[in-house]
Every structure is written in structure tokens, then in C-alpha cells.
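The values are calculated or read from the model by the stated rules, or taken from the named source; none is laboratory data. Just so we're clear, the structure is a prediction, and the values are computed from it rather than from any experiment. Backbone-built Cβ (ideal geometry, glycine too); neighbour counts: all protein chains shown. Remember, those area values only see protein heavy atoms, side chains included, never the ligands or the DNA or RNA. Shrake-Rupley method; radii C 1.70, N 1.55, O 1.52, S 1.80 Å.
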2 protein chains.
Amino acid sequence: MDNSVGIVSAQRAQFDTPLLCKSGVVLPRYELVYETYGTLNADRSNAVLICHALSGHHHVAGIYADDPRNIGWWDNLIGSGKPIDTDKFFVIGLNNLGGCHGSTGPSSIDTASGQPYGASFPLVTVEDWVESQSRLADQLGIQQFAAVIGGSLGGMQAMQWSLSYPERVRHVLAIATAPHLTAENIAFNDVARNAILTDPDFYGGNFYRHGVVPTRGLRLARMLGHITYLSDDAMADKFGRSLRSGKLGYSYDIEFEIESYLRYQGDKFAAYFDANTYLLMTKALDYFDPARAFDGNLNRAFAAAQAKFLVVSFTTDWRFAPQRSREIVRALLHNKRDVSYAEISSNHGHDSFLMEDAHYFEVMRNYMNTIAQEFAA
Amino acid sequence: MDNSVGIVSAQRAQFDTPLLCKSGVVLPRYELVYETYGTLNADRSNAVLICHALSGHHHVAGIYADDPRNIGWWDNLIGSGKPIDTDKFFVIGLNNLGGCHGSTGPSSIDTASGQPYGASFPLVTVEDWVESQSRLADQLGIQQFAAVIGGSLGGMQAMQWSLSYPERVRHVLAIATAPHLTAENIAFNDVARNAILTDPDFYGGNFYRHGVVPTRGLRLARMLGHITYLSDDAMADKFGRSLRSGKLGYSYDIEFEIESYLRYQGDKFAAYFDANTYLLMTKALDYFDPARAFDGNLNRAFAAAQAKFLVVSFTTDWRFAPQRSREIVRALLHNKRDVSYAEISSNHGHDSFLMEDAHYFEVMRNYMNTIAQEFAA
């Protein structure tokens, strides 16, 4: 933790201008919880926005004074002298609208009813998130981001920034992401959603008023998710066919180590994550498809982008495979955009984007250093 | 249906000699339901056993007089002049012990209690199945099979025959299978099992006496299974990102065609398949590992085999990938066994083994013709 950003604290921003979501639903007001690391420079040109993925949040780096073991989820990447160097950049992390870590979401109290939103919370999209984030940027006095950065669903937001607000982002770092989900991706999400939706404790999304949580469904969703975040090879290396007790038990209790791992991950997640947030996050993933408005033509979709891009993929990521990143790169090149692409050899599947890897981090460091020179000069 | 085996009917075989399962549990008696096609020749040398996979059964070919739309699951492969030619071979299909299509299984009445076995039914293994099948062969007067054939979990049984009863099988056709499951395979099975085990209607496996069925869990298990039976490419070709109504609905109802397909398959399966059978079938898959008794050395495991082998894999099968078939081939070659191997280019993933494909069926036909010449000569 030598070059950690150290003790941080979350802040809240209030938005009273109604947000018209893509679904047509209007959210009259909302709050976003966020953290910042580093210092905004005089001309406000060094701001970096970090967008989170399905289960992420605003606590991206550092620790809390009252909870020193709660380390930010991308702390390995962000700090003094780290690839995203807080001596140079002013870094913002937020919890997305619809989240369950402090920003307004399905588990928040709807002031109109005095009850949690539950099923009445709108299905927000990546476009809605970018809109809500742009208002946060307004409040913080940031006209243009030096970079918007994200992995997976976060990468989709980073790309959407370049389409919704081309003039407000100079660089997009789109990591382990895709221009849209495949049928297989949607299928996995739908199984996860059905696990939650058919849990008798879900109550159509209004479980809060029943004093229960659809733990079974959330647990299954997370177990399934974990399989797709890892690679076949990584699971083979880490767990193989190892038996927890050394011999077969001929029962449905945990026998193989991989079962122990998955069930533990599922239980841990189900104990804190909001089921409605999980559902809407998977829907935002399914819906993201900038080419849809252009008859499926990604080249035309990216014509609006003005930012420079770094696109990064990982060899064993089968959920967002390198070929999906290359689709993004090709569409950008078609539009004569400035794009760098790195395909990192990694054994860790989709989870690679969260892990420290020498090659990956060097690519990120070099790219961020180049950005820093723009405003240092 | 020109060269179908036509109208068939199931038969029952009763076994009163106790079966000692690998788990240590003794099954005092059991019944197997089976069908046969073709005619056993005078020296009983033309018998072929078809072993089924997770959701298969004894109705492998032909139709029933009272249900002409119920066509056997491998009818495309088996019949007069078909690759497994019933003019030459006497073909046997059975429902495995523990199944839910007529053989003794968890939903059968335990005569000791007068109640369905439920949770008390033993977790049967591939070895147990081969043992129970060998007794069926005894009853039918078949000392040696010309071939034992199976895909997926059925392929595991075919291989196990060559290890448990090397002298009783001349040829093994092991299709779309593996010498053991990987951690990822086990992980998918464990999610499916947990969907069933945590369904409130499962009642620890004794749901029969409560008059309910764990439909939610079975449905999720089948939905997940289907994803792994198909290939990413096949799903992209068949469903892509097509929307059922042509536009986004911003709800958790079915939106994408792939969701419609999966939910339909899940509902259909949950309406007839037994949850306990599903559980024990997945466990049999997880447990199969002939190398375990030899410190993981597959070469030593296959030293017992005397049969000749045809091993077939499919390029887009990521559940039982071609590399897994090549592990089998290498271990057989190490033991100087006679082995043919075909890697079929197919877009249909694991399901390819059930589908008519010119190259695949030609390989099967040629191999079966070679076998037929042994006893024709």
C-alpha cells in the first residue's frame, strides 16, 4: 500500500433536474455517490472518470478510515506513481444510477411513496448512465475529461461517452469490452435473471416490504457469473478436480474444490448485493448496442466519436473475447480515429482486467503518460 | 422416415441380484426398460449397445404405435441402411438405472417403504451403469457386444465398458466425450444442481410426497445446460440479437429471441424430467475419471482396454472440446490400441453428436460397416 491514495471518503451529489431515461421513464431527482483522488489542475484538464462494471461501485482506490481493509476495487491501478497516476490526474469514481452502494437505485426510498423504488425503478441504460455522469461532471466543473476509463460494462460507458459527448472526452480506454453482447452473453444473463425473477422471495422486485431478500436467486446468478469471468484454463490450474476432503462423498454436499469456491462466492455476494440492481445491470449490458441505430453498422455508429482510443483485450477472456475488441478497433480505424490496441496474454479470463499484470499495466502506464504530457506541455 | 425401424415397443427386465454401487449403497433389486431394433444373429455376435447421455432414454429409434410423433432420439443414425444399420446389427437402447423414463430411479416406488425412493436412491456412477448393463446383456444372452456406442455421458459409459469388461466389447464408439470433466464443466453442473437443491419445492429430494415438483430449479438447470450444448457461433447464427417484438421493451419479460428459446426449452424440460435424476446424472458426469485410480495417469487407466476405438469430436463443442477427445486417443495409442479419430467441422457445439452431418455420418457408417464385415465373413 506504499503508493495508495490512502484514506478516502465518499461524497454525494444531488440532481434535481428530471432525467428522461431511454425507456421513456422520467426520474424526477437522484443522487450519485462518488469519490475523487488527486487534484484537479487549474485549467481542469486532468480529470479522469472511472466507470464501473456489473458489481462495481465508487470506491475505486484507497481505504476508509473506519474500514481499512476495504480497499478500492482498482487500487492496484490507481495511486501515486501507479499507471493511473494520482500525482498527475484527478480521478473520479462513482456508483452508477441504479446501483446499491449509495447512489439512487431500486433499494432507495422513493420520496413520492416513502417506500423503496423496487420494481418501479427504471431500467437504466448505458446512455442514461453517461447522461447522469455528465451532470456530475457539470457539478464538478469539468467540461472535458482527459480520459474516461472502464472495463467490461465500464468499457461500454467509456465508449458511449465518445458517442454521446464527443467533445467532452479526449481519450477513451475501453478494456475487456465489446460493441454489444452476443446471443450467448445474453443467454447467460437471462439465466441469471431468471434465477432471481423466479425466486419466491423476489416478490416481483418488491421484496423490501416483505422483509426478505431473494438470496437463492442472487447466489445462483453470482455462481454462474463467476464461471464466465474465469477461463477454463485458470479454473483447471486453480482447482482442477481436487476434492475438498480427498475422497468422493457420494452426496450433493461440496465435494470438489471448485464447488466450494463457487458456493462461497455466491453466498458472499448474495449477502450484500441488491437483486434489482443485479437485474438492471445485466439489462444495461444486453441493451448496449450503438450500431443498432445504424442498421447494425458499427462503422457508422463510431463516426460521431472524436476521442483517441486505447482498446485492451485478454487472450483467455471468452466472455468479451479479443475478437470483440478488434471489432471496435476496426470501426474506429474505418473512421480514421487514433486508436491503440493491446491484446494481453493472460490466463485469468475476463477477470484479467482487474488484475495486476506487467504487460497490461505497462500499456496502461504508457498510454496515461502520453495523456499527461498533453496538459503538462 | 423411409428407413425407420418403424413401430417399436419398450420391454422390461427385472434384476433381483443386489447391486453394490460404488458409493457402497446396495440396491436390492431394480428394473431396466429397454428397446431393441434388428435381429440378433445366430452366434449372437452382432449386438450393439447404445448408451444415453444426461437427458436420454431407451427410445433411441423408431416410433410408438400409440404415439407416432415420439421419434427415437438417435433415429437419424439407426435404421435399415442407416449408419448403424439394423439390417446388420441388433441394437439395444436402455434407460439407465436412476433414470426417469421407466427404469428404477428416484421417482420409482421403493417396495421396502411403499414410497418413492427420492433422496434415498443411491448416486449411481458410470461404473454402476456398466455393471447394470452387463446384467441386461446376460439376460439377453449376449456375451460380447460388437460395439458399445455413446455420445457425451454415453461416451463415458462406452469407454467404461472397455475397462470394466474388456473381453465383452469388440468396439467402442466414444463420441463428443472426455476422459473426465474439467473444473469448468463441474462448475456448470454445480450451478445447475444448486438451482434444484435450493428450490423450496425440492424438499431435500422428497418432493413427491409433497405433491410438488422443483420446476424453477429444473428450468434453470436446463436453460444453463442448453447454453453449454450450443456454440457461441450457432447461437449467433440462429438468434443473434433479434428482438421478439422488433423493439426493446425495457422490462424483464422476454425481449431477445434467445431468451424466448431458452425459457421455452426450460419450461418444456421441467414439465417432464425428474429433478433427482437430473442431479444424479450430473454427479455421474463429475465422478467419471478412470485415471483417478492411477494417480491421474490416463495411459495406465486405458491399459486394461482391449477393444478397438472410434473417437469422434466436433470443432465447436466447447463442453467436450476436441482436445479432450485427443487425450483419449493419445492414451489408447500409448497402449498400442487400434484407434480411429475423426474431428468433425460442425457449427452446432456439443449438440452436434445428435445431428445429421454428412461427414460425421459417413465416418460412423464406414466404421460400422467394418465391424459388420467381422461377423459377415
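Which FRET efficiency value, to the nearest 0.05, do you get for A:ALA358 and B:LYS336 by plugging their Cβ-Cβ distance into 1/(1 + (r/R0)^6) with R0 = 35 Å?
Numbers: r = 46 Å, r/R0 = 1.30.
Efficiency for this residue pair is about 0.15.
Indicate the residues belonging to the range B:169-198 that lose 20 Å² or more of solvent-accessible heavy-atom surface (probe 1.4 Å) upon moving from the chain alone to the assembly of all protein chains, ignoring ligands and nucleic acids.
In the range B:169-198, residues shielded by partner chains: B:THR182, B:ALA183, B:GLU184, B:ILE186, B:ALA187, B:PHE188, B:ASP190, B:VAL191, B:ASN194, B:LEU197, B:THR198.
Less than 13 Å Cβ to Cβ from A:VAL8, Lys/Arg counted +1 and Asp/Glu -1: what total charge do the surrounding residues give? Mind showing how you got there, number by number?
Working: positive: none; negative: A:GLU35, A:ASP66, A:ASP67, A:ASP75.
Cβ neighbours under 13 Å give a net charge of -4.
I'd like the Karplus ³J(HN,Hα) series for the range B:243-256: coefficients 6.51, -1.76, 1.60, θ = phi - 60°, whole numbers in Hz, and an x wherever there's a Gly or Pro.
9, 4, 9, x, 8, 5, x, 6, 8, 8, 6, 4, 10, 8
Within a 10 angstrom radius of each residue's Cβ in B:246-256, how many Cβ atoms of other chains show up on average? Whole number is fine.
Per residue, the average neighbour count from other chains is 5.
Can you list residues from other chains, or at least 5 along the same chain, whose modelled amide H is less than 5 Å from the amide H of A:SER80?
It is A:VAL5, A:THR86, by chain and number.
Between B:ARG300 and B:ALA119, what length comes free when the chain is fully extended (0.36 nm per residue of separation minus the Cα-Cα distance, one decimal in nm)? Walk me through the numbers on the way to the answer.
Values: separation 181, 0.36 × 181 = 65.16 nm, distance 3.55 nm.
In short, 61.6 nm is gained.
Run lengths n ≥ 4 of DSSP H only: what is the helix-derived mean residue ellipticity at 222 nm for chain A, with -39500 (n - 2.57) per run over all residues, to the nearest 500? Can you show the working numbers first?
Values: 10 runs with 126 residues, N = 377.
Only helices count here, giving -10500 deg cm²/dmol.
Counting other C-beta atoms within 10 Å, and keeping those with at most 11, which DSSP coil trypsin sites (Lys or Arg not before Pro) do you find in the range A:59-139?
Values: sites: A:ARG69, A:LYS88, A:ARG135; in loops: A:ARG69, A:LYS88.
Within the range A:59-139, the qualifying trypsin sites (Lys or Arg not before Pro) (loop, at most 11 other Cβ atoms within 10 Å) are A:ARG69.
Roll a 1.4 angstrom probe over the protein heavy atoms and tell me the percent of accessible area of the range A:308-377 that is carbon or sulfur. It would help to have the intermediate numbers written out before the result.
Working: 1600 of 3230 Å².
Solvent-exposed carbon and sulfur of the range A:308-377 make up 50 percent of the total.
Could you compute the net charge surrounding A:LEU218? Neighbours are other residues with a C-beta less than 10 Å from the C-beta of A:LEU218; K and R count +1, D and E count -1. Display every interim value, and only then the final one.
Values: positive: A:ARG216, A:ARG219, A:ARG222; negative: A:ASP199, A:ASP201, A:ASP267, A:ASP274.
Charge balance in the 10 Å sphere: -1.
Interface size between chain B and chain A, please: total buried accessible area, 1.4 Å probe, rounded to the nearest 100 Å².
Working: alone 16170 and 16190 Å², together 27460 Å².
Buried surface at the B/A interface: approximately 4900 Å².
Report relative contact order for the range A:187-228 in percent, whole number only (criteria: Cα-Cα under 8 Å, sequence separation at least 6). Before the final figure, lay out each step's value.
Working: 40 pairs, mean separation 19.9, N = 42.
About 47 percent, as a whole number.
Karplus couplings for the range B:68-76 from phi (6.51 cos²θ - 1.76 cosθ + 1.60, θ = phi - 60°), rounded to Hz, Gly and Pro as x?
Listing the rounded values in order: x, 8, 8, 8, x, 6, 10, 4, 5 Hz.
What are the ³J(HN,Hα) values, in whole Hz, obtained from phi via the Karplus relation 6.51 cos²θ - 1.76 cosθ + 1.60 with θ = phi - 60°, for each residue of the range B:96-112 in sequence order, with x given for Gly and Pro?
Calculated HN-Hα couplings, in order: 5, 3, x, x, 10, 10, x, 6, 4, x, x, 8, 6, 6, 7, 4, 5 Hz.
Please list the non-local residues whose amide H lies under 5 Å from the amide H of A:ALA342, H modeled 1.01 Å from N, same-chain partners needing a gap of 5 or more.
HN-HN under 5 Å from A:ALA342: A:VAL311, A:VAL312, A:SER313.
Over the range A:1-78, what relative contact order in percent results from Cα pairs under 8 Å that are six or more residues apart?
Working: 100 pairs, mean separation 24.4, N = 78.
It rounds to 31 percent for the range A:1-78.
Could you list the residues of the range A:230-263 with an amide nitrogen less than 14 Å from a label point located 7 Å from the Cα of B:VAL25 in the Cα-to-C-beta direction?
The answer is A:249-253.
Can you list the aspartates and glutamates whose alpha carbon sits under 14 Å from that of B:LYS308, skipping same-chain ones fewer than 8 residues off?
Counting by Cα, and skipping residues close in sequence, B:LYS308 has these aspartates and glutamates nearby: B:GLU167, B:ASP338, B:GLU374.
Could you please state how large a percent of the accessible area of the range A:120-234 is carbon and sulfur, counting protein chains only and using a 1.4 Å probe? Intermediate results must be reported in sequence, preceding the final value.
Working: 1250 of 2590 Å².
Using a 1.4 Å probe with all protein chains present, the range A:120-234 comes out at 48 percent carbon and sulfur.
Determine which lysines satisfy two conditions relative to B:LYS283: a Cα distance under 22 Å, and not lying fewer than 8 residues away in the same chain.
Partners found: A:LYS238, A:LYS247, B:LYS22.
Rank by packing, highest mean first: peptides B:101-109, B:3-11, A:17-25, with packing defined as the count of other Cβ atoms within 10 Å averaged across residues. Don't skip to the end; give the middle numbers.
Working: B:101-109: 20.6, B:3-11: 16.0, A:17-25: 14.4.
Taking the mean over residues of other Cβ atoms within 10 Å, the ranking is B:101-109, B:3-11, A:17-25.
Per residue, how many Å² of accessible area does the range B:1-142 show with a 1.4 Å probe? The partial results should precede the final answer.
On the way: 5410 Å² over 142 residues.
Accessible surface, normalised per residue, equals 38 Å².
For the range A:188-249, what is the accessible area per residue in Å², given a 1.4 Å probe and the full set of protein chains?
Numbers: 2370 Å² over 62 residues.
Accessible surface, normalised per residue, equals 38 Å².
Please average, across the residues of A:283-291, the number of beta carbons from any other chain that are within 10 Å of each residue's own beta carbon, and give a whole number.
The mean count of partner-chain Cβ atoms within 10 Å per residue comes to 2.
Expressed as a rounded percentage, what relative contact order does chain B have, with Cα pairs under 8 Å and six or more residues apart? Working shown, then result.
Values: 759 pairs, mean separation 64.0, N = 377.
In percent, rounded to a whole number, it is 17.
Counting other Cβ atoms within 10 Å, keep those with at most 12, restrict to DSSP loop, and tell me which GluC sites (Glu not before Pro) in the range B:249-340 are left. Mind dumping the intermediate values first?
On the way: sites: B:GLU255, B:GLU257, B:GLU259, B:GLU327; in loops: B:GLU255.
Hits after loop and neighbour filter: nothing returned.
Helices from chain B with mean Kyte-Doolittle at least 0.0 and a Cα length along the axis of 15 Å or more, per DSSP H: which? Don't skip to the answer; put the middle values down first.
Working: long enough: B:126-139 (20 Å, -1.00); B:153-164 (16 Å, 0.24); B:183-197 (20 Å, 0.33); B:215-229 (21 Å, -0.04); B:257-270 (20 Å, -0.95); B:275-287 (18 Å, 0.15); B:322-334 (18 Å, -0.62); B:358-376 (26 Å, -0.26).
The answer, listed by residue number, is B:153-164, B:183-197, B:275-287.
Rounded to the nearest 20 debye, what is the charge dipole size of the range A:220-345 about its Cα centre when +1 sits on each Lys and Arg Cβ and -1 on each Asp and Glu Cβ?
Values: 17 positive and 16 negative charges, 84 e Å.
For this selection, approximately 400 debye.
Give me the residues in the range A:218-233 whose solvent-accessible area, probe 1.4 Å, is reduced by at least 40 Å² once all protein chains are included instead of the chain isolated.
Going by heavy-atom accessible area, the residues of the range A:218-233 that drop by at least 40 Å² are A:LEU220, A:ILE227, A:ASP232.
Report the accessible area of B:ASP16, computed with a 1.4 Å probe over the heavy atoms of all protein chains in place, in Å² rounded to the nearest 10.
100 Å²
Suppose R0 equals 60 Å; then what is the FRET efficiency for A:ASN70 and B:ALA112 from their Cβ-Cβ distance, rounded to the nearest 0.05? Can you show the working numbers first?
Details: r = 56 Å, r/R0 = 0.93.
Between A:ASN70 and B:ALA112 the formula returns 0.60.
Sequence-distant or interchain residues sharing an amide H contact under 5 Å with A:GLY98, placed H: which?
Residues meeting the criterion, in which the H sits 1.01 Å from N, are A:THR104, A:GLY105.
For the pair A:TYR264 and A:GLU327, how long in nm is the line joining their label points, each one 7 Å along Cα→Cβ?
The answer from the label model is 3.6 nm.
Write out the trypsin sites (Lys or Arg not before Pro) in the range A:224-268 meeting two conditions: DSSP loop, and at most 15 other Cβ atoms within 10 Å of their Cβ.
Values: sites: A:LYS238, A:ARG241, A:ARG244, A:LYS247, A:ARG263, A:LYS268; in loops: A:ARG241, A:ARG244, A:LYS247.
Those that pass, being in a loop and sparsely packed, are A:ARG244, A:LYS247.
Could you work out the local net charge near A:ALA303, counting Lys and Arg as +1, Asp and Glu as -1, over the other residues with Cβ closer than 13 Å to its Cβ? If you can, show how the numbers build up before the last one.
On the way: positive: A:ARG300, A:LYS336, A:ARG337; negative: none.
Around A:ALA303, the surrounding residues sum to +3.
What does the accessible area per residue of the range A:304-376 come to in Å², with a 1.4 Å probe and no ligands, DNA or RNA counted? Don't skip to the end; give the middle numbers.
Details: 3280 Å² over 73 residues.
On a per-residue basis, the range A:304-376 sits at 45 Å².
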